[in-house]
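Right, one structure below, let's go through it.
The values are calculated or read from the model by the stated rules, or taken from the named source; none is laboratory data. Quick caveat: nothing in here was measured; it's all calculated off a predicted structure. Cβ coordinates were reconstructed from backbone atoms using ideal geometry, including for glycine residues, and neighbour counts include every protein chain displayed. To get the accessible areas, we keep the full protein, side chains included, count just its heavy atoms, and leave off ligands, DNA and RNA. Shrake-Rupley method; radii C 1.70, N 1.55, O 1.52, S 1.80 Å.
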Amino acid sequence: MTPTNLPENRTFCEKYMQLAFILSSLSIFLGGLFLIVASRVAKYVYRFISKCILSTKGEHKQRAQWLPKIRQISIRWKGAFLESVEMMLSAQTCIGRVLVILVLLLSIGSLIIYFINCDFPIEHYQSFADTTLAVDMSFNAFFLFYFGLRFMAANNKLSFWLELNSIVDFFTIPPVCVSYYLKRNCLGLRFLRALRLLELPKILQFLRITRTSNSIKLSRLLAAVLSTWLTAAGFIHLVENSGDPWVHHQNSQSLSYFDCLYLTMVTMSTVGFGDVVTKTSLGRIFMIFFIIGGLVLFANFIPEIVDIVGGNRQYQESYEVVRGRKYIVVCGDITLKSVTAFLRNFLVQDTGDVCTEIVFLGETLPSLELEIVFKCYSAYTTFFHGSALNYKDLKRVVMGSADACLILADTCSSDPYVEDTSNIMRALSVKNHYPKTRVIIQIIQSHKKVYLANIPNWDWRRGDSIICFAELKLGFIAQSCLVPGLSTLLRSLFIRQKSTKVKRKGPWNRNLFEGNDYKVMTDWLSNDFVNMTFPDVCRLLVNPSAQIKLHRNTMGFFIAKSKVEVKRIAAVVAEEDSNALLDSTGMFHWCKAVPLEQAVLKHQRQTTSPLHDHIVVCVFGDANSTLIGLRNFVMPLRASNFTYQELKDIVFLGSLEYMKREWKFIQNFPKLLLFPGSALSCADLRAVNIRYCTMCTILSSHVRASTNPTLVDTENILATLNIRSMQFKCSSTAGDTTSNVQFIDHHISSDSQIPEQELYLSSTGGIFSDSFLDSLLSTTYRDHHVLALLQTLVTGGTSPELEEQLAEKNVLCGSFMNTAYVAPRARCKLALMPLSKRLLTDSRDSFGDIYCKALDLFGILCFGLYRLTEEPNPYRNRGVYAIARPPSDFKMLPTDMVFCIVPFSTTATSDLSVCEEDLSPRRHQSHTDSSIKQN
């Protein structure tokens, strides 16, 4: 007998059966929720009553005898039972994986049965051989068993009861049981079983079908879209075929499940043809919310799915090598910021023949903005999706044929340790598979360099190079405390800038930009220079003693406008400081470890031994901040080529909690003081005698801004304004030309738009930009000797013994030898030297005259000029600018200062502490010869 033959029974079904099926689910859900909450309340009441009633000592003693035993037995039984249940449900066991997979498969089977039953009315009698109900009942019996296991294993019963999977079971299992008992099949809310598809990504991971991040993400997106789509269609199918209950189901309409799928799809896609619409109020209310949620789902998930599917094909190809064309592989931190900075620096530094292709190997797919960048530079760049840790990806980009592999680092990373170790592993992977491929790597922390040196195939002679940000940046800032304007000058010499077409008004402006055209380059000297002394050859930026003679295959460092000028040189034919303690390598001044308490500066000490001509370092950091690495700042200022009397006191102003963490790395350097305080306090600044300091530096820990990136330098900027607002007494060593507030390490991003002229005229390099170190990557690729020279200049010196000592012990070891001279001390030092009467003897003297006098009389090598602007602004301090390698006929002024390289035995002061009577006959002879040559 069919439902059409029993209209009175059908009416009964329509009015009461749906309510019966839904009430079966609600009663179990609400009843269980009430029992869980009631058990928690009862347990709380029991504990409260126990504390109030059982208060006598005897009762406590009696209670203490049997209660622990009962608890121990209960805990042991419960623990063993729960452990076995948890192991059954764990995906780490075979049983657990089988159970999870069975649940998913049976859920799909139950969903298929729902689709079959959708051809019938919402409720129908089982008056024929309907085997689907029995099969579905067996499936739900397994779901009930699995639900019981999950309930027993759950630590928080209330949280488990409100889980999505639990709610799905509440509204699908009881209705099937009622249907089987009443022999009346009802669809009800069985469409909720589609939400079990959200477990599909987990199953695929268990089966190791999805391993990569993109495949896992794709499976999650597809599961979310599919489950939402099927569930929404099931709800529309239920309410539209049933009608609104408050109008006695009179507004129902006959819609197939396919029609409902069609309706929900066109709704999510915002097309809305209008051929299928909802008529019930419940359906329309649901569609109001579904339009909002579905639109968000469709607009966000579908493009991501398309990007993953299409992007994988687009960026999974292999690179094709073109004979005669060089290419490099760039990996590591491949982001919009890093790629933009790298391309700008790399292409600007190209010599004109743009023939080096750049292959980017990124571990994540590029964003839309980054894709645009790659398209703009499509003639030079190609992007491949992969990892340098994967041999297959290295093979796809033909790493063995690449001219070099450049590994970028995220300098603003919140976890420098992870960033450095990741890059080191990339370098290790490249070197293991392709030992002859040259690797240039960026790292943040200096103590990580030892790991790279331990790579078996690492060879600096092949050009393998390490660019350490902390070492170079803090070294630059430290050297700039001694030589103001050095960073500006070295930037112009070491980094090739894009030529700017500016109207060069005035001689100073013209000479400034002409100085920017000169760069440091390397080439092999001609054999005609063999056995000539250094003053005769004047090899730039390396300043040995006059007794050193040149041998064959000697490389020179030159300041020149182009490589052509350097080639012309290659084709000529074609120590009174007896109490100093040094470290075991002889590279730095050393002392026994100073306890932190002895180094802390008190207010009372200011009256007894006031500080003067010292260096103030304002440090922003706390107990949880990432370490800056102050050792890299102190080491250049404690290099052994300075006499002990030349060492300036260094006063650190900052949080004592932070300085405790840094102190163990700098406690063996002499003349270091600490003052707990802040650069934001004028009282603390006066306490460290900042008015009489030679230089003030502001350093802050690397912290990525969580909300607004532009606020990352707030403390630095406020401290700078605070310091500059105070009145200062000019330093006695720099005269009127130098401000004592110079360098602010405030992490200017590499894409900061700083006008070139403003950069070179900004208070002699008052702001150090990280973009210089970004540009250094491209410079190192073209000539790795330049990086070695720059490291020697700014770090105060290095040696294999020093690197090994820092790698093993992370501290400097003393030699315990009271010696004034050891071989490593006899190395040159950078200086900004005022012109003395011995150098500037005539108002008509040019830079060439000063150059020859300094070299012949004192062995000092001049390579740049520091000059005041000719038209000072009356509303601010007089500006200065730096000129690299001025022309020989450039007229000098008494206020000029020269950037120079000074021998170890010479003190670069206005009186030049070396007397002419002390000069050796060799030096006089050199002067005579040079004078003859000049004439």
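Points to keep in mind about this one:
- Using R0 = 35 Å, the C-beta based FRET efficiency linking Ser725 and Asp842 works out to 0.25.
- Taking amide H positions as modeled 1.01 Å from N, with prolines and chain starts lacking one, the residues under 5 Å from Ala831 and 5 or more places away or on another chain are Cys900, Val902.
- Full extension of the chain between Leu347 and Phe206 yields a length gain of 46.1 nm, computed as 0.36 nm times the residue separation minus the alpha carbon distance.
- Counting heavy atoms of the protein chains alone, Thr488 has an accessible area of about 10 Å² for a 1.4 Å probe.
- Among 239-246, 162-169, the order from most to least packed when residues are scored by Cβ within 10 Å on average: 239-246, 162-169
- For Glu803, the accessible surface of its heavy atoms amounts to roughly 60 Å² (probe 1.4 Å, protein chains only, rounded to the nearest 10).
- Each residue of region 637-645 is assigned a 3J(HN,Hα), and the resulting list reads 7, 10, 5, 6, 6, 8, 6, 4, 5 Hz, derived from the Karplus form 6.51 cos²θ - 1.76 cosθ + 1.60 (θ = phi - 60°), x at Gly and Pro.
- Residue list for region 461-484, given a label point 7 angstrom along the Cα-to-Cβ vector of Lys337 and an amide N cut-off under 18 Å: 469-470, 473
- Amide H contacts under 5 Å for Cys618, placed H, 5+ residues apart: Leu653, Thr697, Ile698, Leu699
- Alpha carbon centroid spacing (whole Å) that separates region 262-341 from region 356-434: 25 Å
- Listed peptides 647-656, 102-111, 44-53, 477-486 by packing density, highest first (mean Cβ within 10 Å): 477-486, 647-656, 102-111, 44-53
- Table column - 3J(HN,Hα) (Hz), region 43-50, Karplus curve with 6.51, -1.76, 1.60, x for Gly and Pro: 5, 5, 5, 4, 5, 5, 5, 4
- Of Lys326/Lys436; Lys392/Lys431; Lys448/Lys473; Lys337/Lys375, those spanning more than 20 Å from alpha-carbon to alpha-carbon: none
- In this rough spin-label picture, where each label sits 7 Å from Cα along the Cβ direction, the Ser84-Cys52 distance is 4.1 nm.
- Shape call, region 232-293: gyration tensor on alpha carbons, a/c limit 1.5: prolate
- Solvent-accessible surface of protein heavy atoms, probed at 1.4 angstrom with all chains present, puts Leu189, Leu855 in the order Leu189, Leu855, largest first.
- Ordering of 584-593, 315-324, 400-409 by packing [mean C-beta count within 10 Å, highest first]: 400-409, 584-593, 315-324
- Extension reserve of the Lys183-Phe145 stretch, reckoned as 0.36 nm per residue once the Cα distance is removed: 11.4 nm
- Lys602 accessible area, assembled protein chains, probe 1.4 Å, Å²: 110 Å²
- Label-point separation, Ile95 to Glu304 (7 Å along Cα→Cβ), nm: 3.6 nm
- Distance between modelled label sites at Ala224 and Tyr262, nm, 7 Å Cα→Cβ extension: 2.9 nm
- Given R0 = 22 Å, the distance between the Cβ atoms of Phe115 and Phe289 translates into a calculated FRET efficiency of 0.35.
- Between Asn155 and Val530, the FRET efficiency estimated from the beta carbon spacing at R0 = 56 angstrom works out to 0.10.
- Basic side chains Lys and Arg get +1 at the Cβ, acidic Asp and Glu get -1 at the Cβ, and with that the dipole of region 202-287 about its Cα centre reaches some 680 debye.
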